[in-house]
Amino acid sequence: MIDRRHIGYRTEPTVVTVDRWRVKLFCQAIGEADPIHWDTPTAQVAGHRDCPLPPTFLKAVEGEHASSAALLGSLGVPVRSVLHAEQAFDHLAPVCVGDAVTVHRQIVDIHDKKEGALTFIVVDTHYAVATLPVARSRQTILVRNPLEA
Amino acid sequence: MPLPAHSPPATLALDAGPVSAVDLALFAAASGDHNPLHLDAEVARSVGFDRPVVHGMLTMAHAGRLFTQHFGAGSVLRLQTRFTGSAGKGDTLHLQATLQEVCADHLRYSIQGSGRDGASLVTGEAHVRRPAQG
């Protein structure tokens, strides 16, 4: 049983600067060949202030702030018992290579299904650039609880 | 009201893979998810998988590409996926989107992803900024 008192737990905000090389590596890993994501002149010709991020890159930014593995560790949940159940990103304003993104995460819900065999942990992440909210994401983590004897 | 000059596509499709060990290692490095479930066959076997498991976030990244390849970088306003199954190393990921609704400022697509033998990997939806009418 994961203690419900963790609902509301919030990480201290930290600032993560979006690294061009990391974005390029990410693009390579996902088969994204458009240099708009790492070459500033290409991005500016297309009307962007700098290189826009692939839609899910903020997950890497989130991990630099506080990975889900670290978050689960602080709850005493073994990473081997979990699955990633759901993920959502809402992009409110463009985030570009070089931006300093302030990130914090918050556990917004913990609930059971299947008579306690499964626990779902819902974690929201908030991203801001110069105090302007630019994105939020929600991850739902599924914990497979050990059967009780 | 006249129809727009360029109607949005009713469907979009993208195939990615087969996902190699190098792809998984690259994604682990780029994303920061170093869970050995995705890299080490023995660890995968120890938790009931016959091969290293493709990161759900790699499948979701391809789902994002499904839209950016057509609508361009910065076009995705919302991307949501539910991971309904898992792909393994060597599988090809098949992603498809179907237009559900044309809203004032965005298009709403549903997303379906499948892997080996058509097994479901993800379902979800995306909101994509409507392209400027030329």
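Each value in this text was obtained by applying a stated rule to the coordinates, not by laboratory testing. Since the structure is predicted, the reported quantities are computational estimates derived from the model, not experimental observations. Every residue, glycine as well, gets a Cβ built from its backbone with ideal geometry; the counts of neighbours run over all protein chains shown.
A few comments on the model shown:
- Take each residue in B:84-94, count the other chain C-beta atoms within 10 Å of its C-beta, and the mean is 0.
- Under 18 Å from the Cα of A:Lys114 - aspartates and glutamates, other chains or at least 8 residues apart: A:Asp3, A:Glu86, A:Glu148
- Part-to-part distance (alpha-carbon centres) for segment B:51-103 and segment A:3-61, which is given in Å: 16
- Shape index of chain A: Rg/Rh, with Rg the Cα radius of gyration and Rh the Kirkwood radius from the inverse mean 1/r over Cα pairs, equals 1.05.
- Zone of A:Val108's modelled label, taken as backbone nitrogen in segment A:61-86 under 14 Å from a point 7 Å along Cα→Cβ: A:86
- Per-residue ³J(HN,Hα) for segment B:119-131, Karplus 6.51 cos²θ - 1.76 cosθ + 1.60, θ = phi - 60°, Hz, x for Gly and Pro: 5, 5, 10, 9, 10, x, 8, 9, 10, 10, 4, 5, x
- In segment B:3-80, the ratio of gyration radius to Kirkwood radius, Rg to Rh, stands at 1.12 when only Cα atoms are counted.
- What the pair-distance distribution of segment A:27-84 shows, using all Cα-Cα distances binned every 10 Å from zero, is 20, 33, 24, 16, 6 percent.
- Convex hull volume of the Cα atoms of segment A:66-118, normalised per residue: 130 Å³.
- Within 10 Å of each Cβ in A:61-68, the average number of Cβ atoms from other chains: 2
- Each residue of segment A:117-122 was assigned a 3J(HN,Hα) from its phi angle through the Karplus expression (A = 6.51, B = -1.76, C = 1.60, θ = phi - 60°), giving 5, 10, 10, 10, 10, 10 Hz with x at Gly and Pro.
- Phi angles of segment A:123-134 translate, via the Karplus equation with coefficients 6.51, -1.76, 1.60 and θ = phi - 60°, into HN-Hα couplings of 10, 9, 10, 10, 10, 9, 10, 6, 6, 8, x, 10 Hz per residue; Gly and Pro are given as x.
- Distant-in-sequence amide H partners of B:Arg130 (H built 1.01 Å from N, under 5 Å): B:His106, B:Leu107
- With contacts taken as Cα pairs under 8 Å at a separation of at least 6 residues, segment A:7-149 carries a relative contact order of 28 percent.
- Mean separation of Cα contacts under 8 Å, 6 or more apart, over the residue count of chain B: relative contact order %: 27
- The protein assembly as shown: calculated mean residue ellipticity at 222 nm from DSSP helix runs of at least 4, using -39500 (n - 2.57): -7000 deg cm²/dmol
- Of the residues A:Leu83, B:Leu37, the one with the fewest other Cβ atoms within 10 Å heads the list, and the complete ranking is A:Leu83, B:Leu37.
- Considering segment B:85-134, its Cα convex hull presents a mean projected area of 4.4 nm².
- With the simple model of a label 7 Å out from the Cα in the direction of the Cβ, B:Arg129 to A:His6 spans 3.7 nm.
- Footprinting exposure proxy for B:Met60, A:Met1 (fewest neighbouring C-beta atoms within 10 Å first): A:Met1, B:Met60
- Extension gain, A:Ser74 to A:Leu132, is 18.0 nm, computed as 0.36 nm per intervening residue step minus the present C-alpha separation.
- Kirkwood radius, the protein assembly as shown, all distinct C-alpha pairs, inverse of mean reciprocal distance: 19.6 Å.
- Where N is the number of residues in segment B:32-134, Cα Rg divided by 2.2 N^0.38 Å: 1.23
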